[in-house]
Amino acid sequence: MKPKFLEAIKYILNGEEGFKAFIKNPRVELTNNGAERDFRKWVVNRTRSRFYVSTRGAEAASKLYSLMMTAKNNGYNVYSYFDYLFDKIRYEDLNNQETLKKYLPYKKQIPEYCKMQTVKEIRTRIKALEDNQ
């Protein structure tokens with residue numbers, strides 16, 4: 001029987017890169033509480049899914065909700081992100097997975113105007129635009 005502390009050390013050494021992510025990026029949560037809290041809204045309303053006409057409809061709704069929460073968790077205004085997404089995606093081949101992946105909320109090519117802004121940031125931008133005129 002191995003001592004528990006040896007198992008803990010082995011666990012830390014095996015997951016070294018993952019543990020470094022918490023140190024390098026303070027936005028990475030130590031628990032999945034945030035994700036569970038976000039998903040709880042969906043779970044609370046799951047009884048409504050009984051009224052979807054098909055399983056495909058329920059799956060589509062789940063995927064859409066997941067995309068919304070991923071956008072929100074990556075700092076995007078959901079409305080701006082979907083506006084951008086629907087504007088760009090209509091020109092793409094919807095059967096090509098690689099092409100569609102570039103529009104996922106965690107990709108770097110999503111424009112800045114999709115980012116969430118505080119009221120203070122919006123006022124600052126408006127003032128800067130007024131000053132430049």
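List of remarks:
- Residues within segment 80-109 that are among the β-branched types (Val, Ile, Thr) and within 21 Å of Tyr65 (Cβ to Cβ), tallied: 1
- Residue check, Lys120 under 30 Å from Pro26 (Cβ atoms) and exposed (fewer than 10 other Cβ atoms within 10 Å of the Cβ): yes
- Condition broken by Pro26, with the remaining ones in (1) in a loop (DSSP other than H, G, I, E, B); (2) not hydrophobic (A, V, I, L, M, F, W, C); (3) not assigned by TED's automatic domain parsing to the domain that holds Ile12 satisfied: (3)
- Subset of segment 40-80 that is under 11 Å from the mean Cα position of the chain (by Cα), among the hydroxyl-bearing types (Ser, Thr, Tyr) and modelled with pLDDT of 85 or more - its residue that is surrounded by the most Cβ atoms within 10 Å (Cβ to Cβ): Tyr76
The values are calculated or read from the model by the stated rules, or taken from the named source; none is laboratory data. Every value quoted in this text rests on a predicted model; they were computed, and no experiment measured them. Cβ sites come from the backbone with ideal geometry, for glycine too, and all protein chains shown count toward neighbours.
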